[in-house]
Amino acid sequence: MTDLKLKVTMDLSVVLVVGSCFGLLGNGVQSDRDDEKLQSLPQDQPYRTGYHFQPPKNWMNDPNGPMYYKGVYHLFYQYNPYAAVWGNITWAHSISYDLVNWIHLDIALSPDDPFDINGCWSGSTTFLSGGKPIILYTGGVTMNRQVQNLAEPKNLSDPMLREWVKSSHNPVITHVDGMDSENFRDPTTAWQGPDGLRRVLVGNEMNSHGRALLYRSRDFVTWTQSKEPVHSSTRTGMWECPDFYPVSIDGKNGVDTSSLDKFRKHVLKASFNSSDHYVLGNYTAVTDNFSVDTDFLDNGSDLRYDYDNFYASKTFFDSAKKRRILWAWIQESDSTTDDVKKTGLVYSHFPRSILLSKTGKQLIQWPVEEIEKQHTVNVRFKNKELKGGSVLEISGITASQSDVEVSFNSSNLKEADLLDPSWVDPQLLCSQKTASVGGNIGPFGILVLASKDLTEQTSIFFRVFRSNEKYVVLMCSDQSRSSLEEGPKKTIYGAFIDIDPLNEMISLRSLIDHSIVENFGGEGRACITARVYPKLAIDNQAYLYAFNNSTFDVNISTLNAWSMKKAQIVSFTKRRKPHLN
């Protein structure tokens, strides 16, 4: 793709040029690998992903204001155009027709006004009456203060929304006396109440406790703060990047942010302690009362979108396909010095659809269906027995850039180890009982980004325990042997999954992409994303295995794995010269 040349005449409209780029991406242009063999990435960039969204270079963090507008998906994100570390924060802007292939456009918002001079920080987009999108974002100002600002498109007829204009009314929301103005940021997508007023939440901290402040407005310019936050917690610190949206009780489709009918629950998400936590509850629109089912970190409750590398997420309602889509930021887990050497390797998760589970007690996440466009070579089989202590190579696909679905079952569940009542922390339990520590039923699962001799491996595995006549399933992501390099973090993560192994398979889906492994356990009931940097298991030297380190045999009910095509990501700026990254 590096030698692709597009002849663009000066009088050809930008819309037509970018449209041509999309046509090439979808039809005529081949990726830099074929279905059988992956060409090696540059030696100094073996961890750059193939199908996850990434900036052209340098630092990115929070996804901002994702939306669907006139047939185009938009993603804004926090971006440093000058370096591979945080700083000089702008709103970068990329668009897509399919959530897989992307075009980078010019930066949408830059910190060049008094109300955002220290950074155009995180925020959201909202559709006003008539379908007009508007951005509400946090501006960093002097003395470390934070305020909320507006921006709107310069040309609504442009489906790419390439130019944005900051409001002359900025800042539109400022702190009040007694409020911590250094922790006052990240406004949510607004929703409309039955009184016609728009509501928005802003993250805040008061007396070291997290809270979501509620503001109301009729014109989106003049805002009034509610006397009480919509919710707060004494168990957490600052709430970053709050998100608040409804989910359908029937679980079939996503719903618009302003949907308020009785067949809904509401989700409140807050980012804190390096993770994205959420609670479910009932929201009463007339009074703006939000009553939670179980509060943040209450009585051992710890509902998270993801139990490892996942932060500052944002959802949006995709009106084209009636679904809610979730984005988040995958942080580096290497040293800052190495980050600079790599000129930035920070990514977004592959977009996930999000629904309420059938039990109504948690959310379910799954990669959006467009990922199937990237599937190429396929390997599949059924009913394969894995003897205790065995390892099975899964060959025939590109192990460093793949999509793997596997389900397990066991006829020996009655032999499962007893669960000690003190084992309440799944991460601690996974750290104590790693993939190399045998049990009766587990560990079993897959080894990804593994070297041929298994010196390097990232293991995603399950254990089954007996507890009070029931079974408890533990899912772990063990990165302790992921790299021979000393620098990267190699933390082990875990989660209990609400699965009854007597009546359903123990399933796992893993999106493997060079240095990223997104894992969906129990059909999306628990997710764990790993960021790893193998030294040996890179490109064509990466292998995939199924394994069983249990005393008793387990059975692979089904395995379905695909090599993945590389996504096409084009940069298109005012220079009017599209080029591929």
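The values are calculated or read from the model by the stated rules, or taken from the named source; none is laboratory data. Not measured: the values here are computed from a predicted model. As a convention, Cβ positions derive from the backbone with ideal geometry for all residues, glycine included, and neighbour counts pool all protein chains shown. Please note that ligands, DNA and RNA were not included when accessible areas were found on the heavy atoms of the full protein model with its side chains. Shrake-Rupley method; radii C 1.70, N 1.55, O 1.52, S 1.80 Å.
The single condition from (1) closer than 21 Å to residue 68 by Cα; (2) of a type outside the set (A, V, I, L, M, F, W, C); (3) surrounded by 18 or more Cβ atoms within 10 Å (Cβ to Cβ) that residue 256 fails is (3). Of the candidates 510, 482, 550, the single residue that is more than 30 Å from residue 325 (Cβ to Cβ), open to solvent by less than 40 Å² (accessible area, probe 1.4 Å), of a type in the set (Gly, Ala, Ser) and touching a strand residue (DSSP E or B) at 6+ places or on another chain (Cβ under 8 Å) is 550. Residues of segment 144-177 that are on the phi > 0 side of the Ramachandran plot and open to solvent by less than 70 Å² (accessible area, probe 1.4 Å): 161 alone.
Go through the residues of segment 164-173 one by one and say whether even a single one is under 16 Å from residue 141 (Cα atoms) and modelled with pLDDT under 95. No, there is no match, as no residue in segment 164-173 is under 16 Å from residue 141 (Cα atoms) and modelled with pLDDT under 95. For the criterion of being open to solvent by 20 Å² or more (accessible area, probe 1.4 Å) and at pLDDT below 95, residue 129 passes. Inside segment 511-551, residues that are outside any loop (DSSP other than H, G, I, E, B) and more than 23 Å from residue 373 (Cβ to Cβ) make up a count of 13. Note on segment 196-214: residues that are open to solvent by 10 Å² or more (accessible area, probe 1.4 Å) and either touching a residue at least 40 places away in the same chain (Cβ under 8 Å) or on the phi > 0 side of the Ramachandran plot (or both) amount to 4. Of everything in segment 50-72 that's assigned to a strand (DSSP E or B) and hydroxyl-bearing (Ser, Thr, Tyr), which residue is nearest to the chain's Cα centre (by Cα)? The qualifying residue nearest to the chain's Cα centre (by Cα) is 68. Checking each residue in segment 267-324 for being under 20 Å from residue 213 (Cβ atoms), assigned to a loop (DSSP other than H, G, I, E, B) and over 23 Å from the mean Cα position of the chain (by Cα) picks out 285, 286, 287, 288. Here is the figure for segment 411-426: residues that are open to solvent by less than 40 Å² (accessible area, probe 1.4 Å) and in contact with a Gly (Cβ under 9 Å, 6 or more places away or on another chain) total 2. Just one of the listed residues (402, 407, 436) is in a loop (DSSP other than H, G, I, E, B) and either open to solvent by less than 50 Å² (accessible area, probe 1.4 Å) or in the same structural domain as residue 494 (by the TED database) (or both), and it is 436.
Residues that are surrounded by 21 or more Cβ atoms within 10 Å (Cβ to Cβ) and closer than 23 Å to residue 259 by Cβ within segment 184-195 comprise 186, 187, 188, 189, 190, 191, listed in sequence order. Only one of the listed residues (344, 300) is small (Gly, Ala, Ser), at pLDDT below 95 and under 27 Å from residue 400 (Cβ atoms). That residue is 344. The set of residues in segment 73-121 that are among the hydrophobic types (A, V, I, L, M, F, W, C), assigned to a loop (DSSP other than H, G, I, E, B) and more than 16 Å from residue 316 (Cα to Cα) comprises 83, 84, 85, 86, 89, 100, 105, 107, 108, 115, 117.
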